[in-house]
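Colleague: My structure is below; once you've seen it, I'll send some questions.
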Amino acid sequence: MSTRERILGRVRRALADVAPDDTPYERAVERAYAREHGRLDAVAAAGLLAGNLADYRARVHRCAEDGLPAVVGRLLAGRGARTVLVPDGLDPAWLADSDARRVPDLAASTPAELDRVDSVVTGCAVAIAETGTIVLDGGPGQGRRRITLVPDHHVCVVRVPDQVVTSVPLALERLDPTRPSTWISGPSATSDIELDRVEGVHGPRTLDVVLVGRPPGGGPR
Amino acid sequence: MSGTFVGMPAFPEAAREAVADRTLRGNLRHATHTIRAKREKAVAEVSDWAELREAGRRIKDHTLRHLDRYLVQLEESVTAAGGTVHWAADAAEANRIVARLVAETGESEVVKVKSMATQEIGLNEALEAEGVRAYETDLAELIVQLGKDRPSHILVPAIHRNRGEIRDVFRREMGAWGRPAPEGLTDTPAELAEAARLHLREKFLRARVGISGANFMIAETGTLVVVESEGNGRMCLTLPETLISVVGIEKILPTWRDLEVFLQTLPRSSTAERMNPYTSMWTGTTDEDGPRAFHLVLLDNGRTDTLADEVGRQALRCIRCSACLNVCPVYERAGGHAYGSVYPGPIGAILSPQLRGTASGIDASLPYASSLCGACYEVCPVAIDIPEVLVRLRERVVEGGPVVRDGNRVVLRPAKGHAAERAAMRAARWAFARPGALRAGQRLASRTRRLHPRTLPGPGRAWSATRDLPAVPAEPFRDWWRRTRGGEEAE
């Protein structure tokens, strides 16, 4: 007998005392929890996202669409970035104000090559206000998973309000499980020394999140 | 489970040594109290915590009761997505599978994401025996590995070490494993984290094989989920060409949607964050992004035996958050090593004796490593009634009875050393069933109370050495009630 059959047999024998139940899964588990914790309008959701991102030491910037190149340019220049990783499908206009050398995201690049790049600029798939999370799923402008990991500086652009949801349940609804995804809530951190949070271990130690689509005042456009 | 902790003394002896260590107690008190207050705040932020907890419990219970079906579904989904599924009945089989998969790549080193399952099976030692060096990349695991130490906490295996001790380990040991600690390394957490970053980066960049566990596996889609903080997980999951994940069979969730519960309850329970810094989800392999080969090793190793116990099976709901450790008064004082297992604390006290059986001294003593205060149940995000299972396991140790070991039904004999306890319980049962005898006994006890000793003689001595004997009242309760009608009439 294969180990597979042996384990499945053990499971079935272990459950011999349980009465059979063919309730379809959708009805088998009661879900009395909230889909979101309070309905927020677009302005409030963006505000909550910004607050929670900042709480976990991401640097948050807000600008209108036409101000984006200047903000991205300033962030890269501020880090002294000489090279910047650019995923496929990233709007070239975002980098119009930066003179950092563009490094394309290639399958053939080695990890060591990525390690020599100063910064990376990406978009995202969705952002979650309640938890201060941005999710990348490898879609256009997001690149392979490793490019937002190896460089020490990540600039992530979030379109407000289209890409912002309030809660984790609403974010999962928008994502496709067949695509590999990375959920990012602030820069790399650890709680391993005396259970106290310290930012900055293996991932990018600086995370800049640019919320784009509203005037800097934060009011509706 | 593995032989990592073979030869451990029973919990009381190990704990006695631990509580005498003032540094250890200080470190544990500091860390557990820090996280306790933060967890309470993180949980209070969510208005529907009770509902999330209940849904988590029900999802896990449903999955466990249909585990055979979901395992088969998961296997199909993972295979369809380009992964290869392997089944391991016990630690030795899992280690053999992983060692073979590593050998097939021709590599002699691997990078590892922190994983309870691979610790449980003693994978690093098994690989070492095959000439493969496994590098732990989680900061706390690195501290344990470099210090030739043992893990003492589920989430923070080096919780028993303070920053000064960590600095000393880094200075002393890093050089032997790769890049030495920077000159003049101090004990500030930021500098220690930086030292780990520098030390491990070269290992990540050259790694060809990564080994992980997983927090969740989605049967419907074949998706695996790893929740982490530092980015070492992402490094191991995306940079190598081959990824091997060793995961306990109880880590399944039926659907993608189920993550909406656990991605809310796990981070808040574990590191007291709204969300942990990084979560990776992958489904099989993806062209030109991440590993080209993905192997999933499904591990039983005592889980189906645990599933066979109708009370004890709830332990399989555990999502390894470690909230129960952080609130436990026994863990706070005794520390994780005393539990003699990679699973310490309240959850360890019910998991280890079920996964490994209660044959050894340490495993037979673990159900007693608790005051049954219930704080662990209170904070558990999947509502495992740990005290209920502890009492069940105590009964099993004392009374013996039928259990399942390695898939076979066996009958345990009552453990030695509990004869006095059994005799006392038999006497109590006899007296409580006979009101006349109970009354006569109580009156006799009240009238002779001045003569009672302060400690018990004979086999009861050990029990009363750490406890006060209850004072016998001047008059039995029933007599008092009959005389005063519950205090309504003047005494």
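The values are calculated or read from the model by the stated rules, or taken from the named source; none is laboratory data. What you see is a predicted model; the values in this text were computed from it and never measured. Every residue, glycine as well, gets a Cβ built from its backbone with ideal geometry; the counts of neighbours run over all protein chains shown. With ligands, DNA and RNA removed, areas are computed over all heavy atoms of the protein, side chains included. Shrake-Rupley method; radii C 1.70, N 1.55, O 1.52, S 1.80 Å.
Colleague: Within the range A:125-143, what residues put their amide N at less than 20 Å from the label point 7 Å along the Cα-to-Cβ vector of A:Glu65?
Modeller: Under 20 Å, as judged by backbone N against the label point of A:Glu65, lie A:125-127, A:140-142 of the range A:125-143.
Colleague: Can you tell me the relative contact order of the range B:419-484? Whole percent, Cα pairs under 8 Å, sequence separation 6 or more.
Modeller: Numbers: 27 pairs, mean separation 20.7, N = 66.
31 percent.
Colleague: Still on this model: State, to one decimal in nm, how far the label point of B:Trp177 lies from the label point of B:Ala419, with both points 7 Å from Cα in the Cβ direction.
Modeller: Each label point is offset 7 Å from its Cα along the Cβ direction, giving 5.0 nm.
Colleague: Going by average Cβ density within 10 Å per residue, which order do the peptides A:55-62, B:431-438 take, highest to lowest? It would help to have the intermediate numbers written out before the result.
Modeller: Working: A:55-62: 18.6, B:431-438: 11.4.
Sorting A:55-62, B:431-438 by mean packing, highest first, produces A:55-62, B:431-438.
Colleague: Per residue of chain B, what 222 nm ellipticity follows from adding -39500 (n - 2.57) for every DSSP H run with n ≥ 4, rounded to the nearest 500?
Modeller: -14500 deg cm²/dmol
Colleague: I want to verify the translational diffusion coefficient of the range B:372-436 in µm²/s; compute it with Stokes-Einstein, Rh as the Kirkwood radius over Cα pairs, at 20 °C and 1.002 mPa s.
Modeller: On the way: Rh = 14.4 Å.
Reported coefficient: 149 µm²/s.
Colleague: Long-range amide H contacts for A:Leu211: which residues qualify at under 5 Å (H placed 1.01 Å from N, peptide plane, sequence gap of 5 or more or a different chain)?
Modeller: Amide H to amide H, under 5 Å and 5 or more residues apart or across chains, A:Leu211 pairs with A:His61, A:Arg62, A:Cys63, A:Val158.
Colleague: Once you put a point 7 Å from the Cα of B:Ala50 and another 7 Å from the Cα of B:Arg449, both along the Cβ direction, what distance in nm separates them?
Modeller: Going from the B:Ala50 label point to the B:Arg449 one covers 4.1 nm.
Colleague: Let me ask something else. Between helix B:22-44 and chain B, what is the angle of the helix's C-alpha long axis to the longest principal axis, kept within 0 to 90° and rounded to the nearest 10?
Modeller: The helix B:22-44 is inclined about 80 degrees to chain B.
Colleague: Counting only heavy atoms of protein chains, what accessible area per residue, in Å², does chain B have with a probe of 1.4 Å? Walk me through the intermediate numbers first.
Modeller: Working: 20200 Å² over 491 residues.
In whole numbers, chain B has 41 Å² accessible per residue.
Colleague: Shifting gears a bit: Would you be so kind as to identify which of B:Tyr339, B:Ala10, B:Ala88 lies farthest towards the positive end of the dipole of chain B, taking Lys and Arg as +1 and Asp and Glu as -1 on Cβ and the Cα centre as origin?
Modeller: B:Ala10
Colleague: Which of B:Thr466, B:Ala419, B:Ala440 sits farthest toward the positive end of the charge dipole of the range B:419-484, with +1 on the Cβ of Lys and Arg and -1 on the Cβ of Asp and Glu?
Modeller: Towards the positive end, the residue furthest out is B:Ala440.
Colleague: Could you tell me, in Å, what Rg and Dmax come out for the Cα atoms of the range B:210-315?
Modeller: Both quantities, over Cα of the range B:210-315: 14.7, 47 Å.
Colleague: Here's another thing I want to ask about it. I need the shape label for the range A:40-212. Rule: rounded when a/c is under 1.5, else prolate if a/b > b/c, else oblate, with a, b, c from the alpha carbon gyration tensor. Intermediate results must be reported in sequence, preceding the final value.
Modeller: Details: a/c = 1.37, a/b = 1.19, b/c = 1.15.
Rounded, since a/c falls under 1.5.
Colleague: Taking a Cβ-Cβ separation under 4.7 Å as the criterion for a possible partner, which cysteines of the protein assembly as shown have none?
Modeller: A:Cys63, A:Cys124, A:Cys156, B:Cys236, B:Cys318, B:Cys321, B:Cys328, B:Cys373, B:Cys380
Colleague: Provide the FRET efficiency to the nearest 0.05 for the A:Val18-A:Glu173 pair, computing r from the beta carbons and using R0 = 45 Å.
Modeller: Numbers: r = 32 Å, r/R0 = 0.71.
FRET efficiency, A:Val18 to A:Glu173: 0.90.
Colleague: How big is the charge dipole of chain B about its Cα centre, in debye rounded to the nearest 20, if each Lys and Arg gets +1 on its Cβ and each Asp and Glu gets -1 on its Cβ? Show your work: numbers first, answer last.
Modeller: Numbers: 67 positive and 63 negative charges, 550 e Å.
I would put it at about 2640 debye.
Colleague: I need the Debye-formula profile for the range B:1-416: one equal scatterer per C-alpha, no solvent, reported as log10 I(q)/I(0) at q = 0.09, 0.11 1/Å, two decimals.
Modeller: Scattering profile of the range B:1-416, log10 relative to I(0): -0.52, -0.81.
Colleague: Another question about this same structure. Treat each spin label as a single point 7 Å out from the Cα along the C-beta direction, and report the B:Asp287 to B:Asp21 distance in nm.
Modeller: Result: 5.4 nm between the two label points.
Colleague: Among B:Leu71, B:Trp480, B:Ile319, whose Cα projects farthest towards the positive end of the dipole of chain B, with charges put on the beta-carbon of Lys, Arg (+1) and Asp, Glu (-1)?
Modeller: Positive-most Cα among the choices belongs to B:Trp480.
Colleague: A follow-up question, please. Against the 2.2 N^0.38 Å scaling, with N counting residues, where does the range B:419-484 land? I'd like the Cα-based Rg ratio to two decimal places. Could you put the intermediate results ahead of the total?
Modeller: Numbers: Rg = 13.6 Å, N = 66, 2.2 N^0.38 = 10.8 Å.
After normalising by residue count via 2.2 N^0.38 Å, the value is 1.25.
Colleague: Of the beta bridges DSSP finds with both residues in the protein assembly as shown, what % are antiparallel, to the nearest 5? Provide the component values of the computation, followed by the final result.
Modeller: Numbers: 27 of 75 bridges.
Counting DSSP beta bridges with both partners in the protein assembly as shown, the antiparallel share is about 35 percent.
Colleague: What aspartates and glutamates could a cross-link reach from B:Lys251, if we take a straight Cα to Cα line under 14 Å and drop same-chain neighbours fewer than 8 places away?
Modeller: Of all the aspartates and glutamates, those that pass the test against B:Lys251 - Cα under 14 Å, at least 8 places apart if same chain - are B:Asp61, B:Asp68, B:Glu75, B:Glu220, B:Asp300.
Colleague: What does the convex hull of the alpha-carbon atoms of the protein assembly as shown project to on average, in nm²? Kindly include the intermediate steps, with their values, before the conclusion.
Modeller: Working: hull surface 145.7 nm².
About 36.4 nm², averaged over all directions.
Colleague: Something else now. Magnitude of the Cβ-charge dipole of the protein assembly as shown, K/R +1 and D/E -1, about the Cα centre, nearest 20 debye?
Modeller: With only Lys, Arg, Asp and Glu charged at Cβ, the dipole is about 2900 debye.
Colleague: Please express the shape of the range B:31-130 as an equivalent ellipsoid: the semi-axes are the square roots of 5 times the eigenvalues of the C-alpha gyration tensor, given largest first in whole angstrom. Before the final figure, lay out each step's value.
Modeller: Working: eigenvalues 239, 105, 31 Å².
For the range B:31-130, the ellipsoid semi-axes come out as 35, 23, 12 Å.
Colleague: May I pose another question? Return a whole-number percent for the relative contact order of the range B:368-491, with Cα pairs under 8 Å and 6 or more residues apart as the contact set.
Modeller: Values: 75 pairs, mean separation 15.4, N = 124.
Once normalised by length, the contact order is 12 percent.
Colleague: Give the share of C-alpha pairs in each 5 angstrom bin for the range B:59-185, from 0 to the last occupied bin, in whole percents, shortest bins first.
Modeller: With a bin width of 5 Å, the distribution comes to 2, 9, 15, 16, 17, 14, 11, 7, 5, 3, 1, 0.
Colleague: What's the long-distance tail for the range B:152-228, i.e. % of Cα pairs beyond 19 Å? Walk me through the numbers before you get to the answer.
Modeller: Values: 1563 of 2926 pairs.
Within the range B:152-228, distances greater than 19 Å cover 53 percent of Cα pairs.
Colleague: Mind giving me the FRET efficiency for B:Thr466 and B:Glu40? R0 is 35 Å, r the Cβ-Cβ distance, nearest 0.05 is fine.
Modeller: 0.70
Colleague: Follow-up. Within chain B, what is the longest stretch that has no trypsin sites (Lys or Arg not before Pro) placed in a DSSP loop and near at most 11 other beta-carbon atoms within 10 Å?
Modeller: The reported range is B:149-415.
Colleague: Please figure out what share of the DSSP beta bridges in chain B is antiparallel and state it in percent, rounded to the nearest 5.
Modeller: Working: 14 of 38 bridges.
Percent antiparallel among DSSP bridges in chain B is about 35.
Colleague: Lysines near B:Lys41 by alpha-carbon distance under 26 Å, same-chain residues fewer than 8 away left out - which ones?
Modeller: List returned: B:Lys60.
Colleague: In peptide B:261-270, what is the residue-averaged number of other protein chain Cβ atoms found within 10 Å of each Cβ?
Modeller: On the way: counts 5, 1, 8, 8, 1, 0, 4, 1, 0, 1.
Taking all residues of B:261-270 together, the mean is 3.
Colleague: Would you mind telling me the share, in percent, of accessible area of chain B contributed by carbon and sulfur at probe 1.4 angstrom?
Modeller: Working: 10310 of 20200 Å².
Carbon-and-sulfur percentage of accessible area, whole number: 51.
Colleague: A further question on this structure: Normalised by the number of residues in the range A:40-212, what is the relative contact order in percent for Cα pairs under 8 Å and 6+ residues apart? Walk me through the numbers before you get to the answer.
Modeller: On the way: 369 pairs, mean separation 49.9, N = 173.
So the answer I get is 29 percent.
Colleague: Count, for each residue of B:234-243, the Cβ atoms from other chains sitting within 10 Å of its Cβ, then give me the mean as a whole number. Don't skip to the answer; put the middle values down first.
Modeller: On the way: counts 10, 6, 1, 5, 10, 7, 1, 0, 0, 0.
Average per residue, whole number: 4.
Colleague: Report, in deg cm²/dmol and to the nearest 500, the calculated mean residue ellipticity at 222 nm for chain A, where each DSSP H run with n ≥ 4 adds -39500 (n - 2.57) and the sum is divided by the residue count.
Modeller: Working: 6 runs with 53 residues, N = 221.
It lands at -6500 deg cm²/dmol.
Colleague: Suppose every Lys and Arg Cβ carries +1 and every Asp and Glu Cβ carries -1, with no other charges. What dipole size does the range A:40-212 come out with about its Cα centre, to the nearest 20 debye? Let's see the in-between values first.
Modeller: Working: 17 positive and 23 negative charges, 72 e Å.
So the magnitude is around 340 debye.
Colleague: In straight Cα distance, which lysines are under 26 Å from B:Lys203, not counting same-chain residues fewer than 8 positions off?
Modeller: B:Lys112, B:Lys114, B:Lys148
Colleague: Now for a different question. What are the semi-axes of the equivalent ellipsoid of the range A:1-73, taken as the square roots of 5 times the eigenvalues of the Cα gyration tensor, listed largest first and rounded to whole Å?
Modeller: Values: eigenvalues 530, 87, 26 Å².
Calculated on Cα positions only, the semi-axes equal 51, 21, 11 Å.
Colleague: A:Ser188's amide H: which non-local residues (gap 5+, or another chain) put their own amide H closer than 5 Å, with H modeled 1.01 Å from N in plane and none for Pro or chain starts?
Modeller: A:Gly200, A:Val201, A:Gly203
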